[in-house]
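The values are calculated or read from the model by the stated rules, or taken from the named source; none is laboratory data. Everything numeric in this text was worked out from a predicted model, so none of it was measured. Cβ coordinates were reconstructed from backbone atoms using ideal geometry, including for glycine residues, and neighbour counts include every protein chain displayed. Keep in mind that these areas ignore ligands, DNA and RNA; they rest on the heavy atoms of the full protein, side chains included. Shrake-Rupley method; radii C 1.70, N 1.55, O 1.52, S 1.80 Å.
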Amino acid sequence: MDRKQIMKYAFAAGVVLGVTAAVLILARGCGQEKKVEAMGPEEVAVCFCRAMAAGDFTGARELCDTSAMKTYLEDYVEAWEMQQRKDSSAVRIAGQILSNAEIVTESVEKKDGKRIVTYTIEVSEGLKKTRTATVKKMEDGEWKVEEITDRN
């Protein structure tokens with residue numbers, strides 16, 4: 001399986017898809033320990049994306065509104081596990097590639113008390129995906145991902 005096919009599988013899994021966190025977490029893809037309540041909406045969106053790409057579903061759950069994202073998380077985990085059973089080395093490689101991808105925030109818009117964060121994931125020249133994360137401030141003051149949608 002070549003690299004392009006691996007990336008297609010990884011992005012397909014992401015397309016099929018897209019709490020309490022007042023404790024220290026290691027958002028593996030973010031590469032640093034940080035309290036979730038100290039993260040802003042842009043950082044939460046990027047860290048959520050990195051956690052999902054790395055298969056860190058515990059970290060991803062801590063960064064999202066699990067009631068709003070329940071189906072997204074379940075579908076993503078199911079697709080990840082199914083692909084893992086088929087070809088675990090391909091999933092591991094895709095996860096490593098996506099974990100090291102460049103993620104650039106394109107824009108942040110305010111809408112109804114939420115933030116709409118548009119970001120691009122680029123793994124190599126010409127191979128990129130643009131997504132939008134709706135991030136809302138919870139009652140405890142933490143920003144959580146409420147929805148992920150594809151832009152292209």
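For the range 99-109, does any single residue satisfy the condition of being surrounded by 14 or more Cβ atoms within 10 Å (Cβ to Cβ) and part of a helix (DSSP H, G or I)?
yes
Condition first: under 17 Å from VAL123 (Cβ atoms) and among the basic types (Lys, Arg). Now tell me which residues in the range 44-80 satisfy that.
The one that is under 17 Å from VAL123 (Cβ atoms) and among the basic types (Lys, Arg): ARG50.
From the list ALA51, ALA60, ALA68, ALA101, exactly one residue is hydrophobic (A, V, I, L, M, F, W, C) and out of contact with any strand residue (DSSP E or B) (no Cβ under 7 Å at 6 or more places or on another chain). Which is it?
Just a single option satisfies the conditions, and that option is ALA60.
Check off (1) in a strand (DSSP E or B); (2) of a type in the set (Ser, Thr, Tyr); (3) over 16 Å from VAL46 (Cα atoms) for THR120 and give me the number that stays unchecked.
Here THR120 meets the rest and fails (3).
Which condition number in (1) among the acidic types (Asp, Glu); (2) open to solvent by less than 50 Å² (accessible area, probe 1.4 Å); (3) in contact with a helix residue (DSSP H, G or I) (Cβ under 7 Å, 6 or more places away or on another chain); (4) farther than 20 Å from ALA38 by Cα is the one that ASP150 fails?
It fails just one condition, (2).
For VAL135, which of the numbered conditions (1) more than 20 Å from GLY59 (Cα to Cα); (2) open to solvent by less than 60 Å² (accessible area, probe 1.4 Å) fails to hold?
Condition (1) is where VAL135 drops out.
Looking only at helices (runs of 4 or more DSSP H) that lie completely in the range 20-90, which have at least 2 residues being surrounded by fewer than 22 Cβ atoms within 10 Å (Cβ to Cβ) and modelled with pLDDT under 90?
Of the helices (runs of 4 or more DSSP H) lying wholly inside the range 20-90, those with at least 2 residues that are surrounded by fewer than 22 Cβ atoms within 10 Å (Cβ to Cβ) and modelled with pLDDT under 90 span 70-86.
Can you tell me which residues in the range 50-71 are among the polar types (S, T, N, Q) and under 19 Å from ARG115 (Cβ atoms)?
THR66, SER67
Can you confirm whether ARG115 is modelled with pLDDT of 90 or more, open to solvent by 30 Å² or more (accessible area, probe 1.4 Å), closer than 17 Å to GLU43 by Cβ and assigned to a helix (DSSP H, G or I)?
Spelling it out, it is not the case that ARG115 is modelled with pLDDT of 90 or more, open to solvent by 30 Å² or more (accessible area, probe 1.4 Å), closer than 17 Å to GLU43 by Cβ and assigned to a helix (DSSP H, G or I).
Going through the range 123-151 one residue at a time, which ones are touching a Lys or Arg at 6+ places or on another chain (Cβ under 7 Å) and not in a strand (DSSP E or B)?
If the condition is that a residue be touching a Lys or Arg at 6+ places or on another chain (Cβ under 7 Å) and not in a strand (DSSP E or B), then MET138, ARG151 are the ones that fit.
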